[in-house]
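Trainee: Have a look at this one before I ask anything.
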Amino acid sequence: MQEIDALKRQAAEAAVAQIESGMVVGLGAGSTALKALECIAERLAMGTLTDILGVPCSEQVAADARRLAVPLTTLDCHPEINLTVDGADEVDPQLRVIKGGGGALLREKIVAQASEREIIIVDERKLSERLGVKWALPVEALSFGLRAHVEYIERLGAAVEVRTRPDGSPFRTDSGNLILDCQFGPMEEPECIAGALERRAGVIEHGLFIDLVTDLIVASPSGTQHLTR
């Protein structure tokens, strides 16, 4: 675990090195993105970064930023973001990713779409030849009509589970919706799955980020690799 934490920190430092003073920065969710937030806070405290404003992708990220004294703003105040640093659950060679393991996929995608650059940071375990090999696809859905949503996604070829909390209660996103964890297996055409989900009323958003990632930073014991699309 210490080695993985070190790799996450390594990737985070490489991404934060892309941030310049005066930028509006999207703050991603998850354990790797938290490392980036900590790096930003350290650089602000040292004075090597100044006048940064962060747009958090979840209520938890907002709380972490306040704790670390990283100034925050909103998309309403700053609808254009210079760059976002975020993590991912799985990444393929085309820089398509699965996100949503923490349940923040809707806000993460809104922030990504508002960003000039979307920098994804991962350790090498997250790399995959095909999406769906290592991770189920999270889908945010309304609770109204839940059974119909589940059956629709099952007809697309996935095994579907409604995400729950450790106490057995339904997991609710910051927007109050449910998360369906959809095991499609290796995806030959993620774009087709994305399109089918987007056509379904009641499906709020899915965790496939396609044509959004501009930079991928991968940390491994041999060093850090920076790929661009």
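Trainee: For segment 72-99, enumerate the residues that are of a type in the set (Ser, Thr, Tyr) and in contact (Cβ under 8 Å) with a residue 40 or more places away in the chain.
Mentor: Matches in segment 72-99: Thr73, Thr84.
Trainee: Which of the residues belonging to segment 156-165 are touching a residue at least 24 places away in the same chain (Cβ under 8 Å) and surrounded by 13 or more Cβ atoms within 10 Å (Cβ to Cβ)?
Mentor: If the condition is that a residue be touching a residue at least 24 places away in the same chain (Cβ under 8 Å) and surrounded by 13 or more Cβ atoms within 10 Å (Cβ to Cβ), then Leu156, Gly157, Ala158, Glu161, Arg163 are the ones that fit.
Trainee: Are any of the residues in segment 125-136 closer than 22 Å to Gln60 by Cα, in contact (Cβ under 8 Å) with a residue 12 or more places away in the chain and aliphatic (A, V, I, L, M)?
Mentor: No, every residue in segment 125-136 fails to be closer than 22 Å to Gln60 by Cα, in contact (Cβ under 8 Å) with a residue 12 or more places away in the chain and aliphatic (A, V, I, L, M).
Trainee: Continuing with the same structure: Being closer than 30 Å to Phe184 by Cα and either touching an Asp or Glu at 6+ places or on another chain (Cβ under 9 Å) or surrounded by fewer than 21 Cβ atoms within 10 Å (Cβ to Cβ) (or both), is that true of even one residue in segment 60-67?
Mentor: yes
Trainee: Quick check on this structure: which one of Ala63, Ala41, Ala69 is among the hydrophobic types (A, V, I, L, M, F, W, C) and free of Cβ contacts under 8 Å to residues at least 24 places away in the same chain?
Mentor: Ala63
Trainee: Yes or no: Asp211 of a type in the set (D, E, K, R) and under 21 Å from the mean Cα position of the chain (by Cα)?
Mentor: For Asp211, the condition - of a type in the set (D, E, K, R) and under 21 Å from the mean Cα position of the chain (by Cα) - is met.
Trainee: Can you give me the number of residues within segment 200-229 that are in a loop (DSSP other than H, G, I, E, B) and either in contact with a helix residue (DSSP H, G or I) (Cβ under 6 Å, 6 or more places away or on another chain) or surrounded by 13 or more Cβ atoms within 10 Å (Cβ to Cβ) (or both)?
Mentor: 7
Trainee: Could I ask something else about it? State yes or no: is Cys182 more than 18 Å from the chain's Cα centre (by Cα) and more than 26 Å from Glu80 (Cβ to Cβ)?
Mentor: No: the conditions fail for Cys182.
Trainee: Sticking with this structure for a sec: Pick out the one residue from Gly145, Gly168, Gly102 that is without any contact (Cβ under 8 Å) to a residue 60 or more places away in the chain and either buried (at least 20 other Cβ atoms within 10 Å of the Cβ) or over 15 Å from Ile204 (Cβ atoms) (or both).
Mentor: Result of the check over Gly145, Gly168, Gly102: Gly168.
Every read-out reported here was derived from the displayed coordinates using simple, explicitly stated rules and does not represent laboratory data. Keep in mind that this is a model prediction, so the values were computed, not measured. Glycine gets a Cβ as well: all are built from the backbone with ideal geometry, and neighbour counts include every protein chain shown.
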